[in-house]
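The values are calculated or read from the model by the stated rules, or taken from the named source; none is laboratory data. Remember, it's a predicted structure, so these values are computed and weren't measured experimentally. Note: ideal-geometry Cβ built from the backbone for every residue, glycine included; neighbour counts use all protein chains shown. Note: areas computed on protein heavy atoms with side chains; ligands, DNA, RNA excluded. Shrake-Rupley method; radii C 1.70, N 1.55, O 1.52, S 1.80 Å.
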Amino acid sequence: MPDGIQEGIVETNRRFTLRWKVMLALSVVFIALGMCVDWSPSQDASLPDTSSFLVILGVLLGCAGLLTATRR
């Protein structure tokens with residue numbers, strides 16, 4: 001393989017690694033905010049509770065990060 005192609009592959013792998021680490025870090029932050037902060041109740045009854053929304057968002061982002069990690 002020429003050096004240019006191999007450097008491109010290394011750069012792509014580095015980006016994927018950075019991407020899934022950032023996704024997992026954000027998911028941990030969202031889950032921690034959802035579980036540890038006492039949020040005021042929502043004004044509209046049809047909206048979900050803020051803490052449950054952040055936990056669900058963190059879980060979805062964590063799953064996306066794990067899927068990104070297994071992609072390469």
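Here are a few things to note about the model shown:
- Accessible-area ranking of ARG15, ARG71, largest first, probe 1.4 Å: ARG71, ARG15
- Computed [θ] at 222 nm, helices only, for the chain once each DSSP H run of length n ≥ 4 contributes -39500 (n - 2.57): -28000 deg cm²/dmol
- Entry comment: accessible area of segment 22-72 is 73 Å² per residue, from protein heavy atoms only and a probe of 1.4 Å.
- Tilt relative to the chain, helix 50-71 - C-alpha long axis, 0 to 90 degrees, to 10: 10
- Projected label points at THR17 and SER52, each 7 Å from Cα along the beta carbon direction, are separated by 4.0 nanometres.
- Per-residue HN-Hα couplings for segment 35-49 [Karplus 6.51, -1.76, 1.60; θ = phi - 60°; Hz; x = Gly/Pro]: 8, 9, 8, 8, 7, 6, x, 5, 6, 9, 5, 7, 7, x, 5
- Cα-Cα P(r), the chain, percent of pairs per 10 Å interval: 20, 32, 23, 14, 7, 3, 0
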